[in-house]
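Structure, as structure tokens:
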Amino acid sequence: MTEPSTLSSTLSSTDQAPAAETLVPAQVYHVFIKAAPEAIWEAITSPEWSERYFYGARITVTPDEYRSLGPDGSDWGSSRTIEFDPPKRLVHGWRSLYDPELAAEPESRVTWEISPGEDGVCLLTVTHDRLESAPATARSVAGTGWMRVLSGLKTVLETGEPMS
């Protein structure tokens, strides 16, 4: 089970924050996956894998660029790669260009950390931060947004089949 945690205040149970409330500055998700670090890395950085669990997005990550294309080939949020350390750590900018309200906000940041464990199980930690100036993005990715992506990633790596 993937569970979100926060480094500061939390969103309300409906993932909607009152206008006066400060939104979560960071969202942290953890999931255990029975797969090698290299397999998880490949699934995070290659379009052949990402389209099977990331809402149909074809994501390509290189040491210089994070590129996310929608199923129709439109740019869903390309950005620069900040850290590229296979198969341990990936940090990249995040833009949601598929939605005009989200596209108007400044870039946030996503960090993927893969920690090998016992019996072929790795801990994947995803941190989405720098959301203070991007409240609509914070709401969009909170809770089920990232949880669906990570559950889909886990399912496709462990079973070979997408969730839906």
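List of remarks:
- Within the chain, helix-based [θ] at 222 nm, where runs of 4 or more DSSP H residues each add -39,500 (n - 2.57), nearest 500: -6500 deg cm²/dmol
- Interatomic Cα distance distribution for the stretch 79-164, bins of 10 angstrom, percent: 16, 41, 34, 9, 1
- The mean sequence distance of close C-alpha pairs (under 8 Å, at least 6 residues apart), as a share of the length of the chain, puts its relative contact order at 26 percent.
- Diffusion coefficient (Stokes-Einstein, Kirkwood radius over C-alpha pairs, 4 °C, 1.567 mPa s) for the chain: 81 µm²/s, rounded to a whole number.
- Relative to the longest principal axis of the Cα atoms of the chain, helix 144-159 runs at roughly 0 degrees.
- Summing Lys and Arg as +1 and Asp and Glu as -1 over all other residues whose Cβ lies under 11 Å from the Cβ of residue 103 gives a net charge of -4.
- Paramagnetic label reach from residue 32 (point 7 Å along Cα→Cβ; backbone nitrogen cut-off under 12 Å): within the stretch 104-127, residues 117-124.
- FRET efficiency for the residue 130 to residue 161 pair, using the beta carbon distance and R₀ = 35 Å, is estimated at 0.55.
None of the figures in this text is laboratory data; all of them are computed from the coordinates on show. Remember, it's a predicted structure, so these values are computed and weren't measured experimentally. Note that each Cβ is placed from the backbone with ideal geometry, even for glycine, and that neighbours are counted across all protein chains shown.
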